[in-house]
1. If residue 87 satisfies every condition in (1) modelled with pLDDT of 95 or more; (2) surrounded by 21 or more Cβ atoms within 10 Å (Cβ to Cβ); (3) assigned to a loop (DSSP other than H, G, I, E, B) but one, which is the exception?
2. If I filter the range 108-126 down to residues being of a type in the set (Asp, Glu) and out of contact with any Gly (no Cβ under 8 Å at 6 or more places or on another chain), which single residue comes out as surrounded by the most Cβ atoms within 10 Å (Cβ to Cβ)?
3. Out of (1) outside any loop (DSSP other than H, G, I, E, B); (2) modelled with pLDDT under 95; (3) over 17 Å from residue 116 (Cα atoms), the odd one out for residue 81 is which?
4. Residue by residue through the range 101-130, note down the ones that are assigned to a helix (DSSP H, G or I), under 22 Å from residue 77 (Cβ atoms) and not small (Gly, Ala, Ser).
5. Exactly one of (1) among the polar types (S, T, N, Q); (2) without any contact (Cβ under 8 Å) to a residue 24 or more places away in the chain; (3) within 20 Å of residue 38 (Cα to Cα) is unmet by residue 169. Its number?
6. Return yes when residue 110 is under 29 Å from residue 86 (Cα atoms), out of contact with any strand residue (DSSP E or B) (no Cβ under 6 Å at 6 or more places or on another chain) and among the basic types (Lys, Arg) and no when it is not.
7. Out of (1) surrounded by fewer than 17 Cβ atoms within 10 Å (Cβ to Cβ); (2) without any contact (Cβ under 8 Å) to a residue 40 or more places away in the chain; (3) closer than 18 Å to residue 3 by Cβ, what's the single condition that is false for residue 105?
8. Does the range 1-41 hold any residues that are buried (at least 24 other Cβ atoms within 10 Å of the Cβ) and at positive phi, and which are they?
Amino acid sequence: MIPSIKECYRYMDKYHMLAHIKAHSVVVARVARMIARGLREENPDISVSKTTVGALLHDIGKTPSINFGGDHAEIGKQICMENGFDEIAPIVAEHVILKNYRLNSADSEKEVVFYADKRVNHDRIVTLKERENYIIKRYGRGQEELGERIKINFRLCGQVEEKLFSKLNFSPESFLEMNGAEIERFERGLEIPGAH
């Protein structure tokens, strides 16, 4: 089952998603939805709704992870499974680290959400390099090995970017040129309830 956008917000509340994580998820969903819509011209099998919902719920396990420990992607996958979102669970599970990625495989919702998450720092669209630097500073804990693993993950994300944008009629940089109002006009229906 794929929940509606309205239902996603209810689940965000049910699992006590913090306001700043909800804001981040909404921007990730906007980026992911724009990419998925663009890819549909070449790959009609890619689901815009699955991509959008996967992006909205990608951090659904974050608050339980903060409160009780554990991998938030794995916790998020379990939350999705418990609620019958079997099609969304794999997207949530791989939004941090993409597994079994092949450059010549068909584009997938997992790739789009993995990439979109790496383009949004808090609730602001940034370059991959800016996001990488933030992640290393925030989660690298000054450990060289951990920092190197983050860099490897972002190199993979750069390959995903090349693959996705080779089929799109806009560039990765075009996201940086859009202000909030332009994205809002492009992506109706992804507002945070009560936010203006």
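1. (2)
2. Checked the range 108-126; the qualifying residue surrounded by the most Cβ atoms within 10 Å (Cβ to Cβ) is 111.
3. Every condition holds for residue 81 apart from (2).
4. Passing the criteria: 109, 110, 111, 112, 113, 114, 115, 117, 118.
5. (2)
6. Spelling it out, residue 110 is indeed under 29 Å from residue 86 (Cα atoms), out of contact with any strand residue (DSSP E or B) (no Cβ under 6 Å at 6 or more places or on another chain) and among the basic types (Lys, Arg).
7. Against the list (1) surrounded by fewer than 17 Cβ atoms within 10 Å (Cβ to Cβ); (2) without any contact (Cβ under 8 Å) to a residue 40 or more places away in the chain; (3) closer than 18 Å to residue 3 by Cβ, residue 105 comes up short only on (3).
8. Once the filter is applied, which keeps residues that are buried (at least 24 other Cβ atoms within 10 Å of the Cβ) and at positive phi, the range 1-41 yields nothing.
The values are calculated or read from the model by the stated rules, or taken from the named source; none is laboratory data. All of these numbers come straight from a predicted model, not from anything done at the bench. A quick note on method: Cβ atoms are made from the backbone with ideal geometry, for glycine too, and the neighbour counts reach across all protein chains shown.
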